[in-house]
Amino acid sequence: MVLLPNDTIAVFAPAASAAFGASLSVALDMPLSLHEEREFTGRECKMRPLESVRGRSVHVVQSLFGDTLGSANDRLCQLLFFVGALKDAGAKCATVCVTYLAYARQDRRVEARDPVTTRYLAQLFEAVGVDRMLALDVHNLAAFDNAFRCETVHLEAAALFVRHFSAKSAGQEYTVASPDIGGVKRARHFQELLQTAIGRTVNFALMDKQRGRDSVSGTLFAGDVAGRCVIILDDLISSGTTLLRAVAACRRAGAARVDVAATHASFADEAHRLFDANGPDSVVVTNSVPLGESFSARLNGSLIVLDVAPLFADAIRRLERGGSLSELGGLA
């Protein structure tokens, strides 16, 4: 492992992402840089570094996911103001490491006068001086790349899921399924990686989905899953409705086992349905989003969390030393 020089590089993690920051610190084999966070009357916030960042390359890690302790907007404003303070304090280069990017699904107009919030978000980051955005499994990669004028780096959790399922592949015949048409490219990529890892053919399946204002419909299911272990891949889980429809379709088609894999566990309360009798055999996610207490209670059972801190640590090392991200599944 190549160590990074503490005198030229600083890594910060706001309190909202303290747990992930601690994991990243271990993976990087370097301490997190010190900072101060304060909240004032009216819930105004202040963050500042407690050590010099002049001439240093700074990385700030944050998950822009709202929970009971703060909204996505709270964390976004905190992150923006902190990056601005770091640049004002003389930081040479500011990289924002976003484990979960808020508003990534608002990337285009679906109805008249819809906001394209992904683009507005990019303008905010650029306005405070962000030099590089490092993000994990954004909803629409093309929209992410097109929204930002600063450097963008996209990381994928696919390799982690491949490692997890290939370790269980002895005697198993796999099919990878996409729960909707929009996820086909992502699922196909995962299918190819898994096929290479286990050295045999992995089938592909697809569930049709049509989303209305207040409903999800579509019954078309295509693919050979009979007697096979099916992995339904998605980028995030919210209510779980889309995935439960795909799980039911796979079981009706004769699947022997159905697992779900998704990078972001952005669980709504309704997602508890995934762990009922009609849910998948397992749900595999990453720690890009902190689990709520009610879902943490399901760990070591049907819910499995994979750590993406080593993936971010490798990306930071490669970026600082001018290395390629292609081996990480990243695009720079």
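Every read-out reported here was derived from the displayed coordinates using simple, explicitly stated rules and does not represent laboratory data. The structure displayed is predicted, hence computed values, not measured ones. Glycine gets a Cβ as well: all are built from the backbone with ideal geometry, and neighbour counts include every protein chain shown.
Sort Asp208, Asp180, Asp269 so the one with the fewest other Cβ atoms within 10 Å of its own Cβ comes first.
Asp269, Asp208, Asp180
Which of Cys229, Leu155, Ser33 sits closest to the plus end of the dipole of the chain, meaning its Cα is farthest towards the positive end, when Lys and Arg get +1 and Asp and Glu get -1 on the C-beta?
It is Cys229, whose Cα lies furthest towards the positive end.
Evaluate the relative contact order of the range 153-301 (contact order divided by residue number), counting alpha-carbon pairs under 8 angstrom at least 6 apart; express in whole percent.
After rounding, I find 20 percent.
Most exposed first by the Cβ proxy, i.e. fewest other Cβ within 10 Å, how do His139, His164 rank?
Exposure proxy ranking, most exposed first: His164, His139.
Among (1) 46, 20, 16; (2) 35, 22, 18; (3) 39, 28, 17, which one is semi-axes √(5λ) of the Cα gyration tensor in Å computed from these coordinates?
Given (1) 46, 20, 16; (2) 35, 22, 18; (3) 39, 28, 17, the calculated one carries the label (2).
Mind telling me which of Tyr120, Tyr174, Tyr103 comes out most flexible in a GNM of the chain, alpha-carbon contacts under 10 Å?
Looking only at Tyr120, Tyr174, Tyr103, the biggest GNM fluctuation is shown by Tyr120.
How do Ile237, Ile232, Ile9 rank when sorted from fewest to most other Cβ atoms within 10 Å of their own Cβ? Mind showing how you got there, number by number?
Working: Ile237 23, Ile232 28, Ile9 20.
Ranked by crowding around the Cβ, least crowded first: Ile9, Ile237, Ile232.
In debye, nearest 20: dipole of the chain around its Cα centre with unit charges on the Cβ of K, R (+) and D, E (-)?
On the way: 35 positive and 37 negative charges, 103 e Å.
The dipole magnitude comes to about 500 debye.
Using alpha carbons only, how many degrees (0 to 90, rounded to 10) separate the axis of helix 18-28 from the longest principal axis of the chain?
Result, in degrees: 90.
Taking one equal scatterer on every alpha-carbon of the range 113-195, how large is log10 of I(q)/I(0) by Debye at q = 0.11, 0.13, 0.14, 0.16 1/Å?
Log10 I(q)/I(0), no solvent term: -0.43, -0.56, -0.63, -0.74.
Can you give me the distance in nm between label points at Glu192 and Ala112, each placed 7 Å from the Cα along the Cα-to-Cβ direction?
So the two model labels end up 4.2 nm from each other.
Evaluate the range 158-306: find the radius of gyration of its Cα atoms, find its Kirkwood radius, and give the ratio Rg to Rh.
0.94
About its Cα centre, how strong a charge dipole does the range 236-321 have in debye, to the nearest 20, once Lys and Arg get +1 and Asp and Glu get -1 at the Cβ?
Taking the Cα centre of the range 236-321 as origin, the dipole is about 320 debye.
Across the chain, how many lysine pairs, 8 or more apart or on two chains, come within less than 28 Å at their alpha-carbon atoms?
For the chain, the number of qualifying lysine pairs is 4.
Lys/Arg Cβ at +1, Asp/Glu Cβ at -1, dipole of the range 215-313 taken about the Cα centre: which of His264, Ser239, Ala297 is farthest positive-ward?
Most positive-ward Cα: Ser239.
So what's the back-of-envelope 222 nm ellipticity for the chain, counting only DSSP H runs of four-plus at -39500 (n - 2.57) apiece and dividing by all residues, rounded to 500?
Taking each H run of at least 4 residues, the total per residue is -9000 deg cm²/dmol.
Between the range 28-48 and the range 113-183, how many Å separate their Cα centres?
Taking the Cα centre of each part, the range 28-48 and the range 113-183 sit 27 Å apart.
At Arg321 and Asp208, where each label point lies 7 Å from the Cα along Cα→Cβ, what is the point-to-point distance in nanometres?
According to this spin-label approximation, the distance is 5.1 nm.
Using 0.36 nm times the number of residues separating Ile181 and Ala167, minus their current alpha carbon distance, what extension gain do you get?
2.2 nm
Under a GNM of the chain (C-alpha, springs under 10 Å), which listed residue has the highest mean-square fluctuation: Thr41, Thr152, Thr242?
Among Thr41, Thr152, Thr242, the largest mean-square fluctuation in the Gaussian network model of the chain belongs to Thr41.
If R0 is 30 Å, what FRET efficiency do you get for Thr201 and Ala277 from their C-beta distance, rounded to 0.05?
Details: r = 31 Å, r/R0 = 1.04.
Once rounded, the FRET efficiency stands at 0.45.
If you take the beta carbon distance between Asp67 and Ala142 as r and set R0 to 30 Å, what does 1/(1 + (r/R0)^6) give as a FRET efficiency, to the nearest 0.05? Spell out each step's value before the answer.
Working: r = 29 Å, r/R0 = 0.96.
Efficiency, from the Cβ-Cβ distance: 0.55.
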